[in-house]
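Notes follow once the structure below has been shown.
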Amino acid sequence: MISIKNNNMVKKINIAIDGYSSCGKSTIAKSLAEILHYIYIDTGAMYRAITYFALKEKIIFNGHIHVEKLIQSLPDIFISFEFNENTKNADVILNGVNIEKEIRTMEVAQMVSKISEIKEVREKLVSLQQKIAEQKGVVMDGRDIGSVVLPDAEIKLFMTADQKVRTKRRYKELLEKGINVSEVEVYNNILERDTNDVNRKESPLIQTDDAVILDNTYLTIEEQLEFVVNLVNKAVTH
Ligand code: DC
């Protein structure tokens with residue numbers, strides 16, 4: 001039984017979770033937030049929301065991003081989250097519309113890491129993310145959370161898993177969502193996004209010195225949660 005030393009007097013902390021694409025960050029972050037009664041913020045969903053906006057407004061056309069136009073449009077983009085009681089997910093809201101399903105398509109996945117390379121996009125989202133985490137009690141996942149967004153987070157996790165295992169998990173997830181895609185496409189997309197995320201100029205994915213590595217290739221969700229909750233118990237009582 002996973003439990004948190006729960007009394008209302010324990011201090012609230014921030015938890016930063018970074019790692020490669022499709023290695024189960026959001027599964028752990030979401031469950032952890034539920035156990036702790038914290039807020040879960042999926043920052044990848046925010047980059048996906050901007051990508052979706054750009055596709056819808058034809059700012060991305062035939063795979064080409066009109067960067068200047070996107071930068072000009074940034075003030076018109078309002079992103080928030082709304083807790084979905086049915087799925088227990090924090091759904092992304094773009095300018096008042098729930099776009100949780102739309103941001104999970106391969107079309108968005110294929111463009112999102114290019115959009116996330118744009119400095120102005122990152123500045124806008126990082127500032128929003130930092131504002132959300134000001135009050136503490138946040139579990140945030142992404143690529144630059146421990147390094148840039150919340151460098152003072154009390155717990156930093158760096159998650160990783162074997163790429164074949166990640167592909168199988170993501171492929172299954174997409175099929176369950178009714179998204180038609182081949183396993184090879186998923187594999188290539190993950191590989192491409194990881195390469196972009198690690199090598200980009202703006203806030204690349206890095207493992208900070210103070211991050212704890214969690215390789216979940218052979219771990220169940222329960223085992224991972226037990227590991228992280230132990231870290232939280234230590235952090236809130238010291
Ligand atoms: O976590 P995800 O796969 O939904 O993220 C989508 C993309 O957004 C990913 O390819 C990299 C980018 N991203 C980022 O650059 N910084 C973050 N904090 C989160 C995601």
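The values are calculated or read from the model by the stated rules, or taken from the named source; none is laboratory data. These numbers were taken from a predicted model, which means no experiment stands behind them. For neighbour counting, all protein chains shown are included, and Cβ atoms are generated from backbone atoms with ideal geometry for every residue, glycine included. Please note that ligands, DNA and RNA were not included when accessible areas were found on the heavy atoms of the full protein model with its side chains. Shrake-Rupley method; radii C 1.70, N 1.55, O 1.52, S 1.80 Å.
Where both partners of a DSSP beta bridge lie in region 80-238, what percent of those bridges are antiparallel, to the nearest 5?
Numbers: 7 of 11 bridges.
Within region 80-238, antiparallel bridges account for around 65 percent of the total.
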Round to the nearest 10 and give me the degree value, 0 to 90, for the angle of helix 106-115's Cα axis relative to the longest principal axis of the chain. 80 degrees
Considering the dipole of region 153-238 built from charges on the beta carbon (Lys and Arg +1, Asp and Glu -1) around the Cα centre, which of 184, 204, 224 is farthest to its positive end? 184
Counting other C-beta atoms within 10 Å, and keeping those with at most 14, which DSSP coil chymotrypsin sites (Phe, Trp or Tyr not before Pro) do you find in region 168-238? 218
Arrange the residues 92, 165 by how much accessible surface each exposes, largest first, with a 1.4 angstrom probe. 165, 92
Run the dipole for the chain about the Cα centre, Lys and Arg Cβ at +1, Asp and Glu Cβ at -1, nothing else charged, and hand back the magnitude in debye, nearest 20. 80 debye
Once the Cα atoms of helix 25-36 and of the chain are each reduced to a long axis, what angle between those two axes, in degrees from 0 to 90 to the nearest 10, is obtained? 40 degrees
With a 1.4 angstrom probe the carbon and sulfur portion of accessible area for the chain, in percent, totals 52 percent
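Report the trypsin sites (Lys or Arg not before Pro) located in region 5-101 that are in a DSSP loop and have at most 10 other Cβ atoms inside 10 Å of their Cβ, or state none.
Values: sites: 5, 11, 12, 25, 30, 48, 56, 58, 69, 88, 101; in loops: 5, 11, 12, 58, 88, 101.
Here the sparse-neighbourhood loop sites are 58.
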In degrees between 0 and 90, to the nearest 10, how far off the longest principal axis of the chain does helix 163-176 point, with axes built from Cα atoms? 70 degrees
Once the dipole of region 1-93 is set up with Lys and Arg at +1 and Asp and Glu at -1 on Cβ about the Cα centre, which of 77, 32, 90 lies farthest towards its positive end? 32
R0 = 30 Å: FRET efficiency of residue 230 with residue 136, Cβ-based, nearest 0.05? 0.95
Please list, by residue number, every one of the chymotrypsin sites (Phe, Trp or Tyr not before Pro) in region 57-104 that is coil in DSSP and has at most 14 other beta-carbon atoms within 10 Å. 78
Write down the accessible area per residue of region 80-238 in Å², having rolled a 1.4 Å probe over the full set of protein chains. 53 Å²
Take residue 164 and residue 183, extend 7 Å from each Cα along the Cα→Cβ direction, and tell me the distance between the two endpoints in nm. 1.0 nm
For region 196-213, Karplus couplings with θ = phi - 60° (6.51, -1.76, 1.60), whole Hz, Gly/Pro x: 4, 4, 6, 9, 5, 6, 7, 6, x, 5, 9, 9, 6, 4, 8, 8, 9, 7
Simple label model, 7 Å out from Cα along Cβ direction - residue 218 to residue 85, nm: 4.3 nm
